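All remarks here apply to the structure that follows.
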Amino acid sequence: MISVYVDLALGLVLTFLLLSLLVSGLNEGIVRMLSIRAKFLWAYLRDTLDGTDAQGRSWLPAGVKDVFAVLPFVRDPRPKHSDQPAPPESELPAHENKAEDAMTNLLYERVREIDHPKTGKTSIANIPPERFATAVMELAASEEGGVDAFLNRLKAMNSPLYGHLKGVWDAAQRDMERFREGVTTWFDSEMQRLSMLYKRYVKWAVAVLGLVVVLLFSADGLEFAKTLLRDNAFRASVSAVAASGEDAYTDLKTQCQSQQPVTCITDTLSSPALVKVLDHGIVSVDIPAEGDPGIKWNGGQWWSRITTLSHWPGYLLTYVALLFGAPFWWDLFRRITGLKSRS
């Protein structure tokens, strides 16, 4: 009896893990398709280096709508892509022109060697703190008076960067090496803060995608649990899949969290552990023992399940489970498979 309930828990955890990976893969695909990470980074850089735009508006999104609607489609803060190497020296203008965003463009000049084109805009989504500090030192070196003259030029341009660098320069007591280290530390902390802000926005997108996945596949977690309890053969097959160990899902986890969201979704949908729980979706996947997989439209059956109130507690269970995220279910899966002894 204990083995039955362990297999039940294992089957549910495995299902929630794979569904969570599916949600993560969909989210990653949308983020990459819309270049949201790069746009989020350059929105912050424009606010930090040049301040607000010509209309006095902040570039950094102020809400979820701005992140997934305004930022991707209306206000692209990324500089234009250039395949030219950085010039030997960069000259700062005497005064800031909001239409030009001089400091943002100057920074891009110093880091564009790592760029590649994407819709005519830069694709840089991450600037290492050390590289940012090097770019600042290169810009400061272009001024005859060194860092002091560079800071005075930033102040004349009304660049918000002036206040940040002035504090670092004073704390470094005009020591160049300490100043470079201070800029590195400051920018690293800013990137951590920006990453936390970005994740705060993205979690809402993940919540919406989780709801979409649950409803499109009418994934009733309670119904699936009953199937595991009553169907000994199916429970044994799910347990056998899990018995293959962590290696069976390491590649899938890597795909969903790296650069292959399409592969992640394909592998997840074809997983034997999900065939039963996804069998009632608006489309179902049939994986025969021989031959090619097939896809079947289940619009009528799907609508009947969606409009049946008795299924909604199971939908709610699945949705809440997906909100915990793939890392939670991955860790729980490892714990269960590690505790369970098998011959």
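Counting only residues that are in contact with an Asp or Glu (Cβ under 8 Å, 6 or more places away or on another chain) and either aromatic (Phe, Trp, Tyr) or not in a helix (DSSP H, G or I) (or both), which one in segment 41-52 is surrounded by the fewest Cβ atoms within 10 Å (Cβ to Cβ)?
Gly51
If you check Leu323, Leu317, which single one turns out to be open to solvent by 60 Å² or more (accessible area, probe 1.4 Å), at pLDDT 60 or above, closer than 25 Å to Leu34 by Cα and touching a Gly at 6+ places or on another chain (Cβ under 7 Å)?
None of the others qualify; the one that does is Leu323.
Could you check, for segment 178-190, whether at least one of its residues is buried (at least 16 other Cβ atoms within 10 Å of the Cβ) and not in a helix (DSSP H, G or I)?
Checking segment 178-190: not a single residue is buried (at least 16 other Cβ atoms within 10 Å of the Cβ) and not in a helix (DSSP H, G or I).
Per-residue answers, yes or no, for (1) modelled with pLDDT under 90; (2) in contact with a Ser or Thr (Cβ under 7 Å, 6 or more places away or on another chain); (3) of a type in the set (Lys, Arg):
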position	(1), (2), (3)
Arg180	no, no, yes
Ser195	no, no, no
Gly210	no, no, no
Phe217	yes, no, no
Gly221	yes, yes, no
Ala225	yes, no, no
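Only one of (1) at pLDDT below 85; (2) closer than 30 Å to Glu181 by Cβ; (3) out of contact with any helix residue (DSSP H, G or I) (no Cβ under 6 Å at 6 or more places or on another chain) is not met by Ala141, so which one is it?
Ala141 satisfies every listed condition except (1).
Go through segment 178-232 and give me each residue that's of a type in the set (S, T, N, Q) and free of Cβ contacts under 8 Å to residues at least 60 places away in the same chain.
Thr184, Thr185, Ser189, Gln192, Ser195, Thr227, Asn232, listed by residue number.
Counting only residues that are assigned to a helix (DSSP H, G or I) and either hydroxyl-bearing (Ser, Thr, Tyr) or free of Cβ contacts under 8 Å to residues at least 60 places away in the same chain (or both), how many does segment 148-177 have?
Matching residues across segment 148-177 total 17.
Looking at segment 147-177 only, could you name the residues that are more than 19 Å from Asp50 (Cβ to Cβ) and open to solvent by less than 20 Å² (accessible area, probe 1.4 Å)?
Val147, Trp169, Ala172
Give the residue, chosen from Gly56, Gly11, that is out of contact with any Pro (no Cβ under 8 Å at 6 or more places or on another chain) and buried (at least 24 other Cβ atoms within 10 Å of the Cβ).
It is Gly11.
Looking at (1) modelled with pLDDT of 85 or more; (2) over 30 Å from Asp279 (Cα atoms); (3) part of a helix (DSSP H, G or I), find the lone condition where Leu71 falls short.
Just one mismatch for Leu71, condition (1).
Restricting attention to segment 112-143, and to residues there that are buried (at least 19 other Cβ atoms within 10 Å of the Cβ), of a type in the set (A, V, I, L, M) and within 27 Å of the chain's Cα centre (by Cα), which single residue is nearest to Leu71 (Cα to Cα)?
Ranking the qualifying residues of segment 112-143, first place goes to Ile124.
Please count how many residues of segment 14-40 are open to solvent by 10 Å² or more (accessible area, probe 1.4 Å) and of a type in the set (A, V, I, L, M).
Here the count works out to 4.
Return a yes/no flag: does segment 71-94 have any residue that is surrounded by fewer than 21 Cβ atoms within 10 Å (Cβ to Cβ) and of a type in the set (Phe, Trp, Tyr).
Within segment 71-94, one or more residues are surrounded by fewer than 21 Cβ atoms within 10 Å (Cβ to Cβ) and of a type in the set (Phe, Trp, Tyr).
Under 9 Å by Cβ, and 6 or more places apart or on different chains, what pairs join a residue from segment 275-300 that is modelled with pLDDT of 70 or more with one that is open to solvent by less than 90 Å² (accessible area, probe 1.4 Å) and of a type in the set (Asp, Glu)?
Qualifying pairs under 9 Å: His280/Asp220; His280/Glu223; Asn298/Asp279.
The values are calculated or read from the model by the stated rules, or taken from the named source; none is laboratory data. What you see is a predicted model; the values in this text were computed from it and never measured. Neighbour counts are summed over all protein chains in view; Cβ atoms, including those assigned to glycine, are modelled from backbone coordinates with ideal geometry. Just the protein is used for accessible areas: all its heavy atoms, side chains included, with ligands, DNA and RNA removed. Shrake-Rupley method; radii C 1.70, N 1.55, O 1.52, S 1.80 Å.
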